[in-house]
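As structure tokens, the structure follows; a few thoughts come after it.
Values quoted throughout were computed directly from the atomic coordinates according to the rules given, and no laboratory measurement underlies them. Bear in mind the structure is a predicted one, so any value in this text is a computation, not a measurement. Note: ideal-geometry Cβ built from the backbone for every residue, glycine included; neighbour counts use all protein chains shown.
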Amino acid sequence: MEVKTIVEELREKGRVCVEEGSGKVIELIDPNHYESGKDSDEAVFLLVDIFQIRGIAGQFSEIALDIVEFATKPTVYTTLASKLLENGPVKDGRVKFSVFRNDIWNKIVFSFSRPLIYQEKDGADDVIKLKEKFPLYKPDVKRLFLSPDGDVKIGGE
């Protein structure tokens, strides 16, 4: 029921605030409703399939694709943004993304049927509460920069 409510609000309004299991508020945004200057350029694209990377990232090596495909822990990747990316958080020509493979967060992005953007939010009046914790808040979240040449830098920048 919660997934359906969140997806309906995303389709209707283009964004929704969710209080996740540890009490932090995040905002999920349809990329078509992302506003440069208003929204954070530190926001992260949320994907459910590695093939969605092609829509947001520029040249992407097979090695980098393998790293993303076989990752087992929550990871935020930074890579060069696609020149075709029309709307979304791009900072210094780079874009951040994470791939969700299971749990309710995967179901939300999958049900929306397109990548979403998430950003942290300092409180909001209208929030949907979920008991599940957001995986990118865990202390063991990895951060990696993936270059078009297959170079990998730990730390994400």
| task | Report, in debye and to the nearest 20, how large the dipole of the range 1-150 comes out about its Cα centre when Lys and Arg carry +1 and Asp and Glu carry -1 on their Cβ. | result | 260 debye
| field | Farthest toward positive dipole pole in the range 1-151 [+1 Lys/Arg, -1 Asp/Glu at C-beta], among VAL90, ILE26, VAL3 | value | VAL3
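When the dipole is taken about the Cα centre of the range 17-72, and only Lys, Arg (+1) and Asp, Glu (-1) are charged at their Cβ, what size is it in debye, to the nearest 20?
Dipole of the range 17-72, to the nearest 20 debye: 40 debye.
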| field | Given (1) 18; (2) 10; (3) 48, the label whose value is percent of Cα pairs over 27 Å apart derived from this model | value | (1)
| query | R0 = 25 Å: FRET efficiency of ASP41 with LYS153, Cβ-based, nearest 0.05? | reply | 0.80
| query | Taking a point 7 angstrom from the Cα of LYS13 along the C-beta vector, which residues in the range 115-136 have backbone N less than 16 Å away? | reply | 117-130
| Listed highest first by mean packing, meaning other Cβ atoms within 10 Å per residue, what order do 44-51, 3-10, 134-141 come in? | 44-51, 3-10, 134-141
| message | So if each residue of separation counts as 0.36 nm, and I subtract the Cα-Cα distance between LYS4 and ASP126, what length gain in nm does that give? | response | 42.3 nm
| note | Sorted largest first, the Cα spans of the range 1-68 on the principal axes come out in Å as 37, 30, 24
| request: List, in the order given, every pair from LYS96/LYS142; LYS91/LYS133; LYS83/LYS142; LYS24/LYS153; LYS13/LYS107; LYS91/LYS142 whose Cα-Cα distance in the structure shown is over 22 Å. | output: LYS91/LYS133; LYS83/LYS142; LYS24/LYS153
| Rg(Cα)/(2.2 N^0.38 Å) for the range 76-157, N = residue count | 1.24
